[in-house]
Amino acid sequence: HLVESGGGSVQTGGSLRLSCVASGSISSISVMGWYRQAPGKQRELVATITRGDTTNYADSVKGRFTISGDNAKNTVYLQMNSLKPEDTAIYYCSADTVFRWWGLGTQVTVSS
C-alpha cells in the first residue's frame, strides 16, 4: 500500500517535495521510485532508489530532482527544484517486489 502526498501548484522555478509512505510487505521491496504521467502521454520514469540507496534519474530531471529514502519511516521522497511547466503531471510512487505496486498519484502543476 503506497500513499503519496506533497503535490500542488507552483510557478516556474519553484520547488515541491513529494512523499510516499509504504505499508504492508515492506521488507520485500527492492526498489522504490517515482513516475509521472502528463495528459495525453505515457507514464514515464522520473527517479528510482534501491534498498542500497543507488539512485537513477531520467535525463530530463537530472540536477533538479533528488530522490531519497528513510527506511525507518518506510518513506521515499522526491525533492523537485527549478520546476518547469513540462514537469506538470500526475506523479506516482512505485514499489517493486515480485510485482510493481503503484500509489494513486498526486498532481503537480507548474505554471509559467
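The values are calculated or read from the model by the stated rules, or taken from the named source; none is laboratory data. The shown structure was predicted, so the numbers you read here are calculated from the model rather than taken from an experiment. Note: ideal-geometry Cβ built from the backbone for every residue, glycine included; neighbour counts use all protein chains shown. For the accessible areas, the whole protein counts, side chains as well, though only heavy atoms, and no ligand, DNA or RNA atoms are used. Shrake-Rupley method; radii C 1.70, N 1.55, O 1.52, S 1.80 Å.
Structure above, values below:
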read-out: Whole-Hz ³J(HN,Hα) from phi, Karplus 6.51 cos²θ - 1.76 cosθ + 1.60, for the stretch 85-91, glycine and proline x; value: x, 6, 7, 4, 4, 8, 9
read-out: Karplus-derived 3J(HN,Hα), 6.51/-1.76/1.60, for each residue of the stretch 9-22, Hz, glycine and proline x; value: 10, 9, 8, 3, x, x, 10, 9, 10, 8, 10, 9, 9, 9
read-out: 5 angstrom amide H check on Leu83, placed H, neighbours 5+ away; value: Gly13, Gly14
read-out: Average accessible area per residue (Å²) across the stretch 46-112 - probe 1.4 Å, nucleic acids and ligands excluded; value: 53
read-out: Size of electric dipole in the chain: Cβ of Lys, Arg +1 and of Asp, Glu -1, about Cα centre, debye, nearest 20; value: 60
read-out: Contact order relative to length of the chain, as percent, for alpha carbon pairs under 8 angstrom and 6 or more apart; value: 37
read-out: The chain, accessible surface, carbon-and-sulfur percent (1.4 angstrom probe); value: 51
read-out: GNM result for the chain, Cα springs below 10 Å: residue of Asn56, Asn81, Asn71 fluctuating most strongly; value: Asn71
read-out: Listed residues Thr54, Thr66, Thr12, most fluctuating in the chain (Gaussian network, C-alpha, under 10 Å); value: Thr54
read-out: Net charge, Ser30 excluded, C-beta distance under 11 Å - Lys, Arg +1, Asp, Glu -1; value: +1
read-out: Radius of gyration and Dmax over the Cα atoms of the chain, both given in Å; value: 13.2, 42
read-out: The stretch 51-60 - phi-based ³J(HN,Hα) in whole Hz, Karplus 6.51/-1.76/1.60, Gly and Pro as x; value: 4, x, 6, 7, 10, 9, 10, 5, 4, 5
read-out: Label point distance in nm, Arg43-Arg64, each placed 7 Å from Cα along Cα→Cβ; value: 2.2
